[in-house]
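Participant: Pasting in a structure now, in structure tokens, and then I'll have a few things to ask.
The values are calculated or read from the model by the stated rules, or taken from the named source; none is laboratory data. What you see is a predicted model; the values in this text were computed from it and never measured. Don't worry about glycine lacking a Cβ; one is built from the backbone with ideal geometry, like all the others, and counts go over all protein chains shown. Only protein heavy atoms, including side chains, enter the accessible area calculation; ligands, DNA and RNA are left aside. Shrake-Rupley method; radii C 1.70, N 1.55, O 1.52, S 1.80 Å.
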Amino acid sequence: MYQVIIAEDEFFVRLGIKNSVSWEKYNMQVVCDAGNGAEALRAIQKSCPDVLITDLLMPGMGGQQLIESVRDAGLEPYIIVITCLEEFRTLQKMMSLGVRDYLLKATMTEAEIQASLQKAREALDKQARQLEPARAPAGNRFSQLMQAYLADESLCRQTQGALEELNLSVSGALPVVLGTIAEVYKADSQASGGLSAHICQNLVDLAGHQYALGFRCLPLMLDERRFFLFFFPEVSRSGNTPDLHALLERLRGELQDYLNIRLSLLVDRAGDFARLPACCRQLLSAQKRQASDQTDGIAFLPNYRPEIRAALEIIRENLSDPDLSLRSVAEKVGLSEAYFSSLFHAEIQIPFRKYLTNMRIEEAKYLLEQGEYKIWDIACRTGFSDEGYFSKVFKKVTDVSPKDWRKL
């Protein structure tokens, strides 16, 4: 059963949550109900629960400090926070720490508590299914692990550990390549879909061994288009980039000559496994922006200065923070606000504020398409101060309202 810890300083609220739920129905059991954050943290360190339900405002260690301590310890429970309306801005910051759901203390009902627990169980069941097939062959196991991680960034540590058990080291920096098949058919092919992902994966795996620059390939379906994600754990981003380019050129030639497949590749030479899902989204977004005649080949993402690359990472990781600004990012990368603004505009080709807004709107589009979140929830998760302002900015950027975007 999934283990649950409740942290709530108000006794009757804590008792109400604990006694209003038939926990067995959700395959859960409450192993501790704590009256403060410090007590809850000790229980968490002892039992490593699957679910944490915590109030934000508690005496001593509050919910925010508790969640930060849990994340610092490398633990990743499904977190549900209990909050008041006046804590909305604090809740926005919590999203960057992996809070998955929340309940409004003043108005929460048994039905809302049960709905939140049902979402938690579905997420935990899905995670268990994704990480469960340990007996699968190494190739299948690799694909299952990576598909799970790309769908849920919280699985980073588990995935990295499991890959190391398969003798695949993905620590540190590694190039990441996203490939698109422009044509996947032969002249005599009877299948309208062309060559299967399975055959293509076997081919590129074979090529990787043949060229002694070991890499792995993962077929993906993103936005109803087929992509292939390549990993090069043995290629350093500094020393072997020419070899990487030569390998990719030879691979493209083999596919074109023998199978009439035109493979377009987009490369991030400074990839990092810890931010792989974000890296994939960036590559996919860049690939979509390119015209079809520009993607028939190998393209490398711009090799930005370290300060700009760090700034882009800070933005990606803190989109839910309403206080994220030009000044705060400049301070984090160690530059003056004026110089950072000029440098960012010169390298990214758009002003910082416009870039930040565009990133928030792109994230909002993704969340709208998932169909799991209310619009005011999405506003919170993308760093907007309220739903009305979010809807106004969204429509200005996309020409449609968030509600209409969801219907597209």
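Participant: For the range 1-12, name all the residues that are open to solvent by 30 Å² or more (accessible area, probe 1.4 Å) and either aliphatic (A, V, I, L, M) or part of a loop (DSSP other than H, G, I, E, B) (or both).
Facilitator: Within the range 1-12, Met1, Asp9, Glu10 qualify.
Participant: Kindly establish whether Leu335 is farther than 27 Å from Arg406 by Cα, among the aliphatic types (A, V, I, L, M) and not in a helix (DSSP H, G or I).
Facilitator: Yes, satisfied.
Participant: On the basis of being farther than 25 Å from Gln158 by Cα, open to solvent by less than 10 Å² (accessible area, probe 1.4 Å) and in contact (Cβ under 8 Å) with a residue 24 or more places away in the chain, does Gly60 make the cut?
Facilitator: It is false that Gly60 is farther than 25 Å from Gln158 by Cα, open to solvent by less than 10 Å² (accessible area, probe 1.4 Å) and in contact (Cβ under 8 Å) with a residue 24 or more places away in the chain.
Participant: Would you check which residues across the range 24-38 are without any contact (Cβ under 8 Å) to a residue 40 or more places away in the chain and open to solvent by less than 70 Å² (accessible area, probe 1.4 Å) and list them?
Facilitator: Val30, Val31, Cys32, Asp33, Ala34, Gly35, Asn36, Gly37, Ala38
Participant: Hey, can you tell me all the residues within the range 373-408 that are part of a loop (DSSP other than H, G, I, E, B) and in contact (Cβ under 8 Å) with a residue 24 or more places away in the chain?
Facilitator: Thr382, Gly383, Phe384, Ser385
Participant: Which one of these does Thr83 not meet: (1) open to solvent by less than 20 Å² (accessible area, probe 1.4 Å); (2) within 27 Å of Ser385 (Cα to Cα); (3) at pLDDT 85 or above; (4) among the hydroxyl-bearing types (Ser, Thr, Tyr)?
Facilitator: Of the numbered conditions (1) open to solvent by less than 20 Å² (accessible area, probe 1.4 Å); (2) within 27 Å of Ser385 (Cα to Cα); (3) at pLDDT 85 or above; (4) among the hydroxyl-bearing types (Ser, Thr, Tyr), the odd one out for Thr83 is (3).
Participant: Here is a follow-up. Considering only the range 361-390, how many residues are open to solvent by less than 30 Å² (accessible area, probe 1.4 Å), within 18 Å of the chain's Cα centre (by Cα) and not charged (D, E, K, R)?
Facilitator: Within the range 361-390, residues that are open to solvent by less than 30 Å² (accessible area, probe 1.4 Å), within 18 Å of the chain's Cα centre (by Cα) and not charged (D, E, K, R) number 9.
Participant: Quick one: count up the residues across the range 296-332 that are part of a loop (DSSP other than H, G, I, E, B), open to solvent by 50 Å² or more (accessible area, probe 1.4 Å) and either modelled with pLDDT of 85 or more or closer than 30 Å to Arg100 by Cβ (or both).
Facilitator: 1
Participant: For Thr107, are the conditions met, namely being modelled with pLDDT of 75 or more, among the hydroxyl-bearing types (Ser, Thr, Tyr), surrounded by fewer than 21 Cβ atoms within 10 Å (Cβ to Cβ) and within 26 Å of Leu15 (Cα to Cα)?
Facilitator: yes
Participant: With respect to Lys46, is the statement that it is modelled with pLDDT under 85 and open to solvent by 50 Å² or more (accessible area, probe 1.4 Å) true?
Facilitator: So Lys46 passes the test.
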